[in-house]
Amino acid sequence: SKKAFIFDLDGVIVDTAKYHFLAWQKISDSLGIEFTPEHNEHLKGVSRVRSLDIILDLGKINATQQDKDQWLKQKNEDYLAYIDAMDESEILSGVLNILQFLKEKEQPIALGSASKNARPILEKVKLIQFFDAIVDGNDVTNAKPDPEVFLQCARKLNVKPEDSIVFEDSVAGVQAANIANMTSVGIGDAKILHEAQYCFPDFVHIDSSFLETLMKK
Ligand code: G6P
Ligand code: MG
């Protein structure tokens, strides 16, 4: 039977997590806030606005809306400068193989991302044609761990949530998939993503027999 295969974008399909980190680090440095890779784990999958609030909380900074708007604008400009230089070489290992395999098997594929920059990134790395549905930060009101983004994906693909599989690198995203009653597959560190039903360090470690098992379930 047909399953919905839903992919997060940042840190799953492309290695943009490092660019988000660098752009946030520049803001936190300028505010004198110590912002480490460990802190950054909690920003993965989290919306732009919420990410800034978390960073300001770290530095115990109370800011006006005007200041916040300025920092959000700055962060996105810096991030977009990194994105502008991207090409297919930044597709994470194993991703292309998996997308091609799922296409051959005629499985519906969706993108479920919190990013408002999702479409231009997919175009940059020339993967947009693989996706039957795209739900991104422009479409959802409730951010991960709220399951809204993934539920919208399943609805667009006309597949039940319980027949959907989510690939995620963030704690919030794994939680969203679990709350949506979908199969959660963590991509990254199994210690951090311990709530995922399955976890792999990357897509190279996911073989076709695992995908076929998911399809038969
Ligand atoms: C993804 C990333 C987050 C990012 C969010 C919003 O979930 O993991 O780090 O903050 O998207 O992205 P945007 O491109 O809209 O700032
Ligand atoms: Mg991610």
How large is the charge dipole for the range 13-131, taken about the Cα centre, if only the Cβ atoms of Lys, Arg (+1) and Asp, Glu (-1) carry charge, to the nearest 20 debye?
300
Sorted largest first, the C-alpha extents of the chain along its principal axes in whole angstrom are 52, 33, 30
Taking the Cα-to-Cβ direction at K191 and at E88 and moving 7 Å from each Cα, how far apart do the two end points lie in nm?
3.7
Residues whose built amide H sits under 5 Å from the amide H of A4, excluding neighbours closer than 5 in sequence, are S164, I165
Take the alpha carbon gyration tensor of the range 87-139, find the square roots of its eigenvalues, order them as a ≥ b ≥ c, and report rounded if a/c is under 1.5; if not, report prolate when a/b exceeds b/c, else oblate.
oblate
Looking at the square roots a ≥ b ≥ c of the eigenvalues of the Cα gyration tensor of the range 163-217, which shape do they give, rounded for a/c under 1.5, prolate if a/b is larger than b/c, or oblate?
oblate
Per-residue Cβ neighbour rank within 10 angstrom, fewest leading, S93, S115:
S93, S115
Using r as the Cβ-Cβ distance of N181 and D15, and R0 as 25 Å, what FRET efficiency do you calculate, to the nearest 0.05?
0.25
Taking only Cα atoms of the range 89-217, what ratio of Rg to Rh do you get with Rh as the Kirkwood inverse-distance radius?
0.92
Distance between modelled label sites at V49 and K217, nm, 7 Å Cα→Cβ extension
3.3
Karplus (6.51, -1.76, 1.60) ³J(HN,Hα), θ = phi - 60°, over the range 11-16, in Hz, Gly and Pro reported as x
x, 10, 8, 10, 8, 7
For the range 179-201 and the range 115-159, what is the centre-to-centre distance using only Cα atoms, to the nearest Å?
19
Multiply the residue gap between N97 and E38 by 0.36 nm, knock off their C-alpha separation, and tell me the result in nm, one decimal place.
18.2 nm
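Need one number: % antiparallel among DSSP beta bridges in the range 1-148, to the nearest 5.
Among the beta bridges of the range 1-148, antiparallel pairing accounts for roughly 10 percent.
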So I128 and D67, fully extended at 0.36 nm per residue minus their Cα-Cα distance, gain in nm 18.5 nm
Additional length obtainable on full extension of the chain from Y198 to K60, 0.36 nm per residue less Cα span
46.0 nm
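Here, each number is a calculation from the coordinates, and none is a lab measurement. These numbers come from a predicted model, not from an experiment. All Cβ positions, even for glycine, are placed from backbone atoms using ideal geometry, and neighbour counts span all protein chains on display.
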